[in-house]
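Everything below concerns the one structure shown next.
The values are calculated or read from the model by the stated rules, or taken from the named source; none is laboratory data. Please read all numbers here as calculations on a predicted model, not as lab measurements. Ideal geometry is used to build each Cβ from the backbone, glycine not excepted, and the neighbour counts take in all protein chains shown.
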């Protein structure tokens, strides 16, 4: 795994919005007394969502203080899990292209080329207008519908370069927004040609 470091330019402070603070308190209360540190993953994720899709250093300290954790412990978590972005990302979308074997065999490299052409030649850089960014990641868990990308909490599956272009068009306001899931209409993980079993529901 590559070394992950905090962005050199950081905001002066961070605090949850009123709604997110209420949510955080409810989330912490779900854990037994003395186990509040277990809430660190969702709290960091919510902090990232609030801060334009990336996690600043003041937010790490803020969450640590809420949970009574040492700063270094939360820093270790934020730098270990690649779900946390440590530098600014596209304000509209940060594209995570799965490059693990099933997706690679089904054309992920062509999706990466689209990202290089339309967003930036190098991952973790913003597009010219600051709306998009991209990176290649390990398995995102939709191997049967490869290749695929993830944007925030949504996944877009069964992609071709042309279909991926349409997904990007939607985020850039150049076309209709794509619906998450299969971009070919496939249901769940059924065969690409459609279901072959259980076509009729039993009556009774």
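Conditions tested, residue by residue: (1) closer than 18 Å to residue 133 by Cα; (2) part of a loop (DSSP other than H, G, I, E, B); (3) at pLDDT 95 or above; (4) touching a helix residue (DSSP H, G or I) at 6+ places or on another chain (Cβ under 7 Å).
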site: 21; (1), (2), (3), (4): no, no, yes, no
site: 33; (1), (2), (3), (4): no, yes, no, no
site: 38; (1), (2), (3), (4): no, no, yes, no
site: 43; (1), (2), (3), (4): no, no, yes, yes
site: 48; (1), (2), (3), (4): yes, no, yes, no
site: 64; (1), (2), (3), (4): no, no, yes, yes
site: 75; (1), (2), (3), (4): no, no, yes, yes
site: 78; (1), (2), (3), (4): no, no, yes, yes
site: 95; (1), (2), (3), (4): yes, no, yes, yes
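Do the conditions hold for residue 122, that is, is it touching a helix residue (DSSP H, G or I) at 6+ places or on another chain (Cβ under 9 Å), loosely packed, with under 13 Cβ neighbours inside 10 Å and in the same structural domain as residue 172 (by TED's automatic domain parsing)?
Taking the combined requirement at face value, the residue satisfies it.
Mind checking which residues of region 102-151 are within 15 Å of residue 90 (Cα to Cα) and free of Cβ contacts under 8 Å to residues at least 24 places away in the same chain?
Of everything in region 102-151, those that are within 15 Å of residue 90 (Cα to Cα) and free of Cβ contacts under 8 Å to residues at least 24 places away in the same chain turn out to be 115, 116, 120, 121, 122, 123, 125, 128, 129.
Only one of (1) in contact with a strand residue (DSSP E or B) (Cβ under 8 Å, 6 or more places away or on another chain); (2) under 16 Å from residue 110 (Cα atoms) fails for residue 166. Which number is that?
Condition not satisfied by residue 166: (1).
So which of 82, 160 is under 13 Å from the mean Cα position of the chain (by Cα) and either at negative phi or at pLDDT 95 or above (or both)?
Within the list 82, 160, the selection yields 82.
Being part of a loop (DSSP other than H, G, I, E, B) and either over 30 Å from residue 170 (Cα atoms) or in contact (Cβ under 8 Å) with a residue 24 or more places away in the chain (or both): is that true of residue 84 here?
Spelling it out, residue 84 is indeed part of a loop (DSSP other than H, G, I, E, B) and either over 30 Å from residue 170 (Cα atoms) or in contact (Cβ under 8 Å) with a residue 24 or more places away in the chain (or both).
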